[in-house]
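The values are calculated or read from the model by the stated rules, or taken from the named source; none is laboratory data. Quick caveat: nothing in here was measured; it's all calculated off a predicted structure. Note: ideal-geometry Cβ built from the backbone for every residue, glycine included; neighbour counts use all protein chains shown. For accessibility, only protein heavy atoms count, side chains too; no ligands or nucleic acids. Shrake-Rupley method; radii C 1.70, N 1.55, O 1.52, S 1.80 Å.
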Amino acid sequence: MGFSTKVGAILAAAGSAVGLGNIWRFPTETGLHGGAAFILIYIIFMLVFGAPIMLAEFTIGRHGQKDVTDSFERMSGGQRGWRLMGLMPVVAGLLVLSYYAVVCGWTLYYAFVAGVDGFGGKTAAQYVSDFQQFSSSPTQPVVWILFIMLATCAVVSFGVKKGIERSAQILMPMLFVCIAILVVCSLSLPGADRGLHFLFHPDFSEIDGSTMLSAMGQAFFSLSVGICCLCTYACYFRKDVNLFHDSLSVAVIDTLVALMAGLIIFPAVYSVPGLQPDAGPSLVFITLPNVFQQVFSGSHLLAYGFSLLFYCLLVIAAVTSSISMLEMVVAYLHEELHWSRPAASVAASAVAMLLATGCSLSFGAWADKTVFGLGMFDLFDFIVAKLLMPLGSFIMCVFLGWVADEKVVRDEVTNGGTLHTVLYPIWLFIIRYIAPIGIILVFIHEIGW
Ligand code: PHE
């Protein structure tokens, strides 16, 4: 039932990690936190925290070989209480899919608008009002979310090998090609050197406590760690997969894609006089369509091609991540409750669709319905990215570092003592001490103490 090839396993995990977090959230955060200095810290956090915690998730999942519930029980040496961790991917998967699907729906709509050549001939103010009108409409975004959900549901129903692995093998290379083309185009724009300067010349006076902690939060979200998503995928890994190698590869791929997204977006933004990189979350939906039209104002075809390719890229990245979110829920329903995969996929998608509709409405009709001042979309994002991810990562570190039998952990991580025995103690030290302490710091920051 697992991944049939090692490359397929890496691509699927990379497909989960690489998503809107890289191409939408990363440029937003980088723009808001001053550029290069933020990126430097983000990269350090990816390598020191993200990749080791990912390896922890892989270790727990691969040891279990069934699903997250079973994996925790097995790794704990049979303590049934740890089965409760099996509920984490179900709850977190539904929550994250519900609001992520909303942004996926927006990207699909923008790909459509790009496809029908709908971006041309507008003023800067029109890009703003178009986006606001669309995102606050009660029905329009829901239709696009439904398309995304149907595609996600179809892939997950097909199963791990035929659905998830095959789609990753097709979509991920497509994604890399799109990114490469766009980077080359963007770097050849007239103001590109200013964008490069913003990305690669750190100004350390920009760094404060909030930069550090935002960079770490971004690293968690971008790598999908902390809510047992990668743990779910790792249940399908073969026993000969080199977990060190895979977690590092995924972390490196994920970081590279984020950097390349930066290389696409910032040179383009800087090539239009007067535009600033710190537009926030609307950067990709309001600033960029405007940028594409202006920088390629001499060639309609280039403006058309660049926009279309960019939004298609965003859709591909988004869908490979939403697949992994749905799989978190379906794996539980299939393995623990013995539902068939198609039934589980349809049921989970239906619930997520309902919640996603609510999240979408929070940009319009339900804007005034708030909990702690947050609309449904922001509330779900807060619960997942700021509460469950740090909390889950912390629990996994404590679990592997202090609860599980160290010999079992070592055997699993090193494939029976054959791989990376030198790196293993360093990793264990991070999991036991550095990561949990770091996470407590993020947590304290994120909940605003
Ligand atoms: N890492 C994904 C991204 O960058 C988001 C994600 C979060 C995917 C949690 C799965 C689980 O977009």
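A few notes on this one:
- When the helices (runs of 4 or more DSSP H) confined to the stretch 59-167 are screened for residues that are of a type in the set (A, V, I, L, M) and surrounded by fewer than 16 Cβ atoms within 10 Å (Cβ to Cβ), those reaching at least 1 such residues are found at 87-115, 124-136, 140-157.
- Subset of the stretch 26-36 (residues that are open to solvent by 20 Å² or more (accessible area, probe 1.4 Å) and of a type in the set (A, V, I, L, M, F, W, C)): LEU32
- Residue count for the stretch 323-348, restricted to those that are farther than 19 Å from ALA234 by Cβ and either in a helix (DSSP H, G or I) or within 13 Å of the ligand (Cβ to nearest atom) (or both): 7
- Looking only at the stretch 196-218, and only at residues there that are away from the ligand (no atom under 14 Å from the Cβ), open to solvent by less than 10 Å² (accessible area, probe 1.4 Å) and at pLDDT below 90, the one that is farthest from the chain's Cα centre (by Cα): THR211
- Scan of the stretch 414-433 for residues that are aliphatic (A, V, I, L, M), assigned to a helix (DSSP H, G or I) and either at pLDDT 95 or above or more than 19 Å from VAL48 (Cβ to Cβ) (or both), ordered by number: ILE426, LEU428, ILE430, ILE431
- Condition met for PHE266 (in contact with a helix residue (DSSP H, G or I) (Cβ under 8 Å, 6 or more places away or on another chain), under 21 Å from VAL160 (Cα atoms) and away from the ligand (no atom under 16 Å from the Cβ)): no
- Sole residue being within 10 Å of the ligand (Cβ to nearest atom), part of a helix (DSSP H, G or I) and β-branched (Val, Ile, Thr), chosen from THR255, THR232: THR232
- The set of residues from the stretch 294-322 being assigned to a helix (DSSP H, G or I), farther than 28 Å from ILE170 by Cβ and not aliphatic (A, V, I, L, M) comprises GLN294, HIS300.
- Among the residues of the stretch 264-277, the one identified as open to solvent by 30 Å² or more (accessible area, probe 1.4 Å) and assigned to a helix (DSSP H, G or I) is TYR270.
- Among the candidates VAL351, VAL408, VAL384, residue that is within 16 Å of the ligand (Cβ to nearest atom), touching a residue at least 40 places away in the same chain (Cβ under 8 Å), among the β-branched types (Val, Ile, Thr) and part of a helix (DSSP H, G or I): VAL384
- Considered as a group, the residues in the stretch 168-192 that are open to solvent by 40 Å² or more (accessible area, probe 1.4 Å) and of a type in the set (S, T, N, Q) include one that is nearest to the chain's Cα centre (by Cα), and that residue is GLN169.
- Residue count for the stretch 356-381, restricted to those that are without any contact (Cβ under 8 Å) to a residue 12 or more places away in the chain and more than 20 Å from SER137 (Cα to Cα): 3
- Options ILE23, ILE39, ILE43: the member that is out of contact with any Cys (no Cβ under 7 Å at 6 or more places or on another chain), farther than 20 Å from VAL330 by Cα and surrounded by fewer than 22 Cβ atoms within 10 Å (Cβ to Cβ): ILE43
- Among the candidates VAL329, VAL346, the residue that is crowded, with 24+ Cβ neighbours inside 10 Å and either of a type outside the set (D, E, K, R) or within 19 Å of the chain's Cα centre (by Cα) (or both) is uniquely VAL329.
- Checking GLY115 against (1) under 23 Å from LYS369 (Cα atoms); (2) touching a residue at least 60 places away in the same chain (Cβ under 8 Å); (3) not basic (Lys, Arg), the condition it does not meet: (1)
- Any pair with Cβ under 6 angstrom, 6 or more apart, that starts in the stretch 4-30 at a residue that is within 12 Å of the ligand (Cβ to nearest atom) and ends at one that is in a loop (DSSP other than H, G, I, E, B): SER16/SER224; ALA17/SER224; TRP24/VAL284
Residue-by-condition table, conditions (1) at pLDDT 95 or above; (2) over 19 Å from ILE179 (Cβ atoms); (3) among the hydroxyl-bearing types (Ser, Thr, Tyr):
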{"site": "GLN293", "(1), (2), (3)": "no, yes, no"}
{"site": "PHE296", "(1), (2), (3)": "no, no, no"}
{"site": "SER307", "(1), (2), (3)": "no, no, yes"}
{"site": "PHE310", "(1), (2), (3)": "no, no, no"}
{"site": "ALA318", "(1), (2), (3)": "no, no, no"}
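- Between PHE221, PHE237, PHE296, the distinction of being open to solvent by less than 30 Å² (accessible area, probe 1.4 Å), more than 16 Å from the ligand (Cβ to nearest atom) and under 30 Å from ARG74 (Cα atoms) belongs to PHE237 only.
- Residues in the stretch 9-56 that are within 30 Å of PRO425 (Cα to Cα) and outside any helix (DSSP H, G or I): 1 in all.
- Unmet requirement for PRO281, which otherwise passes all of (1) away from the ligand (no atom under 16 Å from the Cβ); (2) part of a helix (DSSP H, G or I); (3) open to solvent by 60 Å² or more (accessible area, probe 1.4 Å); (4) closer than 30 Å to ALA192 by Cβ: (1)
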